[in-house]
Amino acid sequence: MTIFERVIEFSTTKELEIVDITDYVKEAVEDSGIKDGICLVFVPGATGAVILNENDSSLLEDLKNILNDLIPQEKEYEHPINARSHLRAILLGNNQCISIKNGKLELGTWQQIMFINLDTRARKRKVIIKIIGD
Amino acid sequence: MTIFERVIEFSTTKELEIVDITDYVKEAVEDSGIKDGICLVFVPGATGAVILNENDSSLLEDLKNILNDLIPQEKEYEHPINARSHLRAILLGNNQCISIKNGKLELGTWQQIMFINLDTRARKRKVIIKIIGD
Amino acid sequence: MTIFERVIEFSTTKELEIVDITDYVKEAVEDSGIKDGICLVFVPGATGAVILNENDSSLLEDLKNILNDLIPQEKEYEHPINARSHLRAILLGNNQCISIKNGKLELGTWQQIMFINLDTRARKRKVIIKIIGD
C-alpha cells in the first residue's frame, strides 16, 4: 500500500473563475504508480470548491447563474465582504473522492475535475491530491 | 490492507428515479472480507448523484420538489436539454464515503444509500463501490 | 498502513446548533500516530451534516439564513415533522475527507470542521472519525 501526495498551485484572477485540473490529477495518479485505490482531491480553504462534472462552457455559465440564484451577490449578509463565497463553497463542497483502477481515474466521459474560485477577488490557490492504494 | 472494487449496473427509466443501492453496497463489503476501513460509493457520470439519507417515499417526494424549486425544470439554461440534470448532480454530489467497522457499514438507522438519476431520459447506470481496509 | 477509528459523542440542544469538532478530529489524528493519509469525518444519521468552513459567528448566521431561504421551515412537506432537516442534510453532506501530512490535517487557516444539527429537536449525536494511512 502506498500513499502519494501532490500539491498543485495556480492563480485565479476573478470570482467564479473555473479551472479544469483533470490533467494535473491524472498526472499525479500516473506519477504515484498506484494502480488500484482512491484519489482525494482536497481544497485547503473556505472559498474554493471542487466539482466533478462536465467542462462545457454553456453548462459552466448555467452553474454561475444558478449559484447566484441560490446565494445571491445582492443579498445582505452578516459576514463582511465575501459571505457568498463561503456559502457557495459549503454548497458545492471542497473535497471529492474518485476511484482508481488499472492506473486510471474511473471518471465518466463527461466528468472533469474542476476547481471554482468563489472568493470575490484574485487568489493564489492550492489543491491537494492525495492518493492511497496499491 | 486490501482494496476491493465492485461495479454495479442497473437501468433507470426516467428522470428523478431513485434506486436504493444499500443492499448492493452491504454485499460488496461482505464479499470484500474487509472488517475495518472506508467504502467509497462513486458515480462515474455527470447526471447521476448518490446520497445517504432516509429511504422514505414522502421524503423522496419532498426531495424531488425541492430540487425543482432550487434548479427548476422550467428555467432557461444555456446548456442544451439537460442542464438541470448536471446542476442538480453538482448540488447533491456523486461520491460518498462511509466508515466500515466489524465488517459493517456504520450507517445510521435511517440512512440508506440511494442513487438518483437526474438525467432527462432513461439511462443505463453504473456505480463503483471501492473499499479499502483490513 | 494503519486504520484508526474514534467515535465522538455530544448533545445538541436545538435546531441549527453548530458544534466545532476540529479539536476532536485533530486529537484523533495525533492519537492515531498516522503521519500521512486520509481522515474521513462521517455522520451516521440523516439529519446531521458536517462542513469544512470558517467558524465565524456572522458567517454561521448567514448559513442558517440561507438554509432557510433554500429549504424553508414554513414550506409544506410530505414527510412529517422534520423533512427540512433531511433535505438540508442532503444539501450540505454528511461526510468529508481531509488530507493528513506530517501528522496534521491539511486544513486551510479559515477552515474548521463543524457539525450541524439539522433536526428539529435536541439530539444526542455521534460523529465517526476514521483515519487510514502510515
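Among the residues making up region C:48-76, those that are more than 7 Å from every other protein chain (Cβ to nearest Cβ), within 15 Å of C:GLU15 (Cβ to Cβ) and not charged (D, E, K, R) are C:GLY48, C:ALA49, C:LEU60, C:ASN65, C:LEU67, C:ASN68, C:PRO72, C:GLN73.
Among residues that are out of contact with any helix residue (DSSP H, G or I) (no Cβ under 9 Å at 6 or more places or on another chain), among the aliphatic types (A, V, I, L, M) and either at positive phi or open to solvent by 40 Å² or more (accessible area, probe 1.4 Å) (or both), A:VAL29 is not included. Within region A:34-47, the residues that satisfy the criterion of being touching a helix residue (DSSP H, G or I) at 6+ places or on another chain (Cβ under 7 Å) and either more than 9 Å from chain C (Cβ to nearest Cβ) or surrounded by fewer than 24 Cβ atoms within 10 Å (Cβ to Cβ) (or both) are A:CYS39, A:VAL41. Taking each residue of region B:1-28 that is under 15 Å from B:ILE98 (Cα atoms) and looking for partners that are assigned to a helix (DSSP H, G or I) with beta-carbon atoms closer than 6 Å, six or more apart or interchain, yields B:PHE4/B:SER32. Within region C:77-122, restricting attention to residues that are facing chain B (nearest Cβ under 8 Å) and farther than 20 Å from C:VAL19 by Cα, the residue that is least open to solvent (accessible area, probe 1.4 Å) is C:ALA83.
The values are calculated or read from the model by the stated rules, or taken from the named source; none is laboratory data. This is a predicted model, so every value here is computed, not measured. No Cβ is skipped: glycine too gets one built from the backbone with ideal geometry, and neighbour counts run over all protein chains shown. Surface accessibility is based on the protein's heavy atoms, side chains included, excluding ligands, DNA and RNA. Shrake-Rupley method; radii C 1.70, N 1.55, O 1.52, S 1.80 Å.
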